[in-house]
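The values are calculated or read from the model by the stated rules, or taken from the named source; none is laboratory data. Source: prediction; values computed, not measured. Heads up, the Cβs are rebuilt from the backbone with ideal geometry, glycines too, and the neighbour counts pull from every protein chain shown. Each accessible area value is taken on the protein alone, full model and side chains, heavy atoms only, with ligands, DNA and RNA left out. Shrake-Rupley method; radii C 1.70, N 1.55, O 1.52, S 1.80 Å.
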Amino acid sequence: MQSAYFQVVDITKCKTAIEENLRFSDKVYQEGLKLERYEEANKLARRISLDYEKRRYTLLKMEFWLNSIALKKRCNAKYDNLIYFYVDHPTYIQRNEQNAQATILKELKRKYATQVMLIPLPLDLDLSIINIIANTYNITSAPTLLINEEIKLDGVHGLEDIEKLINQSMPNK
């Protein structure tokens, strides 16, 4: 409902809206941690499919991203959106590349906290919204980064390169 609200209502209390979106992000993050625990337990038992939960979690992250875009436009929020596209069922090479990129992104998030909205999204869950986004931004491989809905980076990129591109994409910070 937040996404719909942010799209149609004149937001007069931007600070509150941004804070609430960050709280929503924290809740989504906690869902992700729970899903990781289930997935780890499932590796041992190999009993249940977590596809439904993964799709639900991905849609929550999408909602957070849409909220973040709306708040940047309507409230002139001064944070960066960094979308990390990965595959949930990687090849051996993809797994190594994704692990390397994830480590770099965790450091970036630790360094910038709420100045960077890090939103990981899987490309291979066959969700129509992800398929539309991948098509719109010509995202054909993983890992891929999308900075502020403008700059696309295929493959693994270092912390300094990502920081430089973030600063270039938001000159009015």
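Laid out as a table, the results:
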quantity	calculated
Over the chain: helical MRE at 222 nm, DSSP H runs n ≥ 4 each giving -39500 (n - 2.57), nearest 500	-20500 deg cm²/dmol
With eigenvalues of the C-alpha gyration tensor scaled by 5 and rooted, the range 20-103, Å	28, 17, 10
The chain - percent of accessible surface contributed by carbon and sulfur, probe 1.4 Å	53 percent
Dimensionless Rg ratio for the range 73-121, taking C-alpha atoms and the 2.2 N^0.38 Å reference	1.36
Furthest towards positive pole of dipole, 38, 22, 136, structure part the chain, Cβ charges	22
Distance between modelled label sites at residue 13 and residue 91, nm, 7 Å Cα→Cβ extension	5.2 nm
Reciprocal of mean inverse Cα separation for the chain (Kirkwood radius, Å)	17.0 Å
Rel. contact order, % - alpha carbon contacts under 8 angstrom, at least six apart, the chain	23 percent
Under 5 Å, built H, 5+ apart or other chain: amide partners of residue 121	84, 85, 86
Top positive-direction residue, dipole computed over the chain with Cβ charges, set 84, 108, 158	108
Folded to 0 to 90 degrees: helix 159-169 orientation relative to the chain principal axis, Cα	40 degrees
Candidate lysines - alpha carbon under 27 Å from residue 152, same-chain residues fewer than 8 apart omitted	54, 61, 72, 73, 78, 106, 109, 111, 164, 173
Per residue, in Å², the accessible surface of the chain once ligands and nucleic acids are set aside, probe 1.4 Å	60 Å²
3J(HN,Hα) from dihedral phi, the range 89-101, Karplus parametrisation 6.51/-1.76/1.60, rounded to Hz, x for glycine, proline	10, x, 6, 4, 5, 4, 4, 5, 5, 5, 4, 5, 5
Cα-centre dipole for the chain with unit charges at Cβ (Lys and Arg positive, Asp and Glu negative), debye to 20	480 debye
Amide H within-cut-off set for residue 81, under 5 Å, with H built and near neighbours excluded	117, 148
